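Report on one structure; see the data block that follows.
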Amino acid sequence: MPLDDVLVATALNAWKLNLDRAEKILLPLDDQQLQREVAPGKNRILYLLGHLVAVHDAMLPVLGLGELLHPELADPFLTKPDRAAADLPSRTELHRCWRDVHDALNAHFARLTPAEWLMKHTLISDADFAAHPLRNRLAVMLSRVAHINSHLGQAALALKP
């Protein structure tokens, strides 16, 4: 396997491992567990779950792979803090959105070549990308891997007995 393929495969493996870990930790939680707070007055696990779905959904347009699948999640989980939105989607609805978003992302990811992973994302100008070529699609995906881990750490705190 060529080196660039190995590097991309390694990054994709990190994405898949951490996504699988998030699914194993977050998706089996019941409604009561999803209401647990990271710390008193801080985000609930429900919010963390919705936030991860909304951030990952936003990867589609940021990476130039398509439009948002669930634009309705942006306001309650990206724009507003926890408890600011009047009505949040149910656990079942968030699970459906999780599957929609990650199935779409994984299908797109599987088709991208190493050269396409190293292309600029949509949030950077051509001039800035010429000066900072490390601000590419692969960097966005890797930053989302770290983001998953950050929120899984918060969920672990909330679930601690």
*Among Asn18, Asn43, Asn106, which one moves the most in a GNM of the chain with springs linking Cα atoms closer than 10 Å?*
Asn106
*Ignoring everything but the protein chains, give the 1.4 Å probe accessible area of Arg137 in square angstrom, nearest 10.*
20 Å²
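Could you grab the Rg to Rh ratio for segment 33-84? Cα atoms only, Kirkwood for Rh. If you can, show how the numbers build up before the last one.
On the way: Rg = 12.2 Å, Rh = 11.6 Å.
Computed over Cα atoms, the ratio is 1.06.
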*Pop the C-beta distance of Asp4 and Glu72 into the FRET formula with R0 = 35 Å and round what comes out to the nearest 0.05.*
0.40
_Need the full-extension length gain, Asn13 to Arg135, defined as separation in residues times 0.36 nm minus the C-alpha distance. One decimal, nm._
41.9 nm
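Using a Cα distance threshold of under 18 Å, what count of lysine pairs results for the chain when pairs must be 8 or more residues apart or interchain? Intermediate results must be reported in sequence, preceding the final value.
Numbers: Lys16/Lys24; Lys24/Lys160; Lys42/Lys80; Lys42/Lys160.
Going through the chain pair by pair, I get 4.
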*asked:* Just to be sure I understand the model, the point goes 7 Å from the Cα along the line to the Cβ. What's the resulting Thr122 to Leu157 distance in nm?
replied: 3.3 nm
*Please give the contour-minus-distance gain from Thr79 to Asp103: 0.36 nm per residue of separation, less the Cα-Cα distance, rounded to one decimal in nm.*
6.2 nm
*What full-extension length gain, to one decimal in nm, is calculated for Ala110 and Leu27 as 0.36 nm per residue of separation minus the Cα-Cα distance?*
27.5 nm
*Where does each of Phe109, Phe129 land when they are ordered by accessible area, with a 1.4 Å probe and the largest first?*
Phe129, Phe109
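For the ranges 79-85, 67-73, what's the packing order if you count other beta-carbon atoms within 10 Å of each residue, average per peptide, and put the highest first?
Values: 79-85: 13.0, 67-73: 15.9.
Answer by packing, highest mean first, reads 67-73, 79-85.
The values are calculated or read from the model by the stated rules, or taken from the named source; none is laboratory data. Treat the numbers as computed from the prediction; the structure is a model and nothing was measured. Note that we place each Cβ from the backbone using ideal geometry, even for glycine, and neighbour counts take in every protein chain shown. Surface accessibility is based on the protein's heavy atoms, side chains included, excluding ligands, DNA and RNA. Shrake-Rupley method; radii C 1.70, N 1.55, O 1.52, S 1.80 Å.
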